[in-house]
Amino acid sequence: MPEEPIIDLHSDDYFMGEALRQAAKAYEKGEVPVGAVALIAGCAVSARHNERERTGDPTAHAEMLALRDAAAAVGGWRLSEVTVVVTLEPCPMCAGALVAARVSRLVYGASDPRAGACGTLYNLCGDPRLNHELMVTNGIRADDCGALLTSFFAEKRSQHTATGSSLTSSMYRDLKKGAPVEADSILGDLIERGQKHHISTPILQAAFAGLSIYQHEIGR
């Protein structure tokens, strides 16, 4: 009978699993699914996920919240004994905070080609010009971390497209009622509705183009 694999409760893989659980909680709440865990001596002192949407705080990234908890746990800002494990490569803000807090080590999963500041676009954690450098380990469960983000954004795009189509259909019906509508009024209404439902600019532009063609065809 094959032996059960031994799980190292102090491994990067294990704690990335904890960070992924936090990321899944963020997903369920409509937040970008990024999770982070702060460790001291191999023990988790904080496990957080993104909370920007809930709090309205642009700095409420998972890493920032985990650092705040860790600072509260040690009673000071200097976190030289802390390791941070996060599902996505930190952005410039979070990487700067890791350096400022004198964090010992960073472990991250998926690289971020758009905002990664720990080796992809920038390398703030290993820049000798700064007053602190930290060890970085990347690619831990990268596929799992990336899949969660890909699924989240695909779902969001699908929702936005569906909502955009619904808004466009509504405005078509308004035009069909026979009330004269000026182009500026159409565009203003479309923008207002789009902002309310967080519709992306390309979708709004396509919707306006379609409405303009329809308005021309019916002679308005």
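The values are calculated or read from the model by the stated rules, or taken from the named source; none is laboratory data. As the structure is a prediction and not an experimental result, all values here were calculated from the model. Ideal geometry is used to build each Cβ from the backbone, glycine not excepted, and the neighbour counts take in all protein chains shown. Note: accessible area is taken over every heavy atom of the protein model, side chains too, but ligands, DNA and RNA are not part of it. Shrake-Rupley method; radii C 1.70, N 1.55, O 1.52, S 1.80 Å.
Remarks
- Residues satisfying the stated conditions in region 11-36, i.e. in contact with a helix residue (DSSP H, G or I) (Cβ under 6 Å, 6 or more places away or on another chain) and closer than 12 Å to residue 61 by Cα: 23, 31, 33, 34, 35, 36
- In the set 129, 114, 102, only one residue is open to solvent by 20 Å² or more (accessible area, probe 1.4 Å), part of a loop (DSSP other than H, G, I, E, B) and under 21 Å from residue 69 (Cβ atoms); that residue is 102.
- Of the residues making up region 73-132, those that are of a type in the set (S, T, N, Q) and free of Cβ contacts under 8 Å to residues at least 24 places away in the same chain number 1.
- Restricting 33, 58 to residues that are within 30 Å of residue 128 (Cβ to Cβ) and not β-branched (Val, Ile, Thr) narrows the list to 58.
- Index of the failed condition, residue 85 passing every other in (1) among the hydrophobic types (A, V, I, L, M, F, W, C); (2) open to solvent by 50 Å² or more (accessible area, probe 1.4 Å); (3) part of a strand (DSSP E or B): (2)
- Every residue from region 133-148 that is over 18 Å from residue 38 (Cβ atoms), surrounded by fewer than 21 Cβ atoms within 10 Å (Cβ to Cβ) and touching a residue at least 60 places away in the same chain (Cβ under 8 Å): 144
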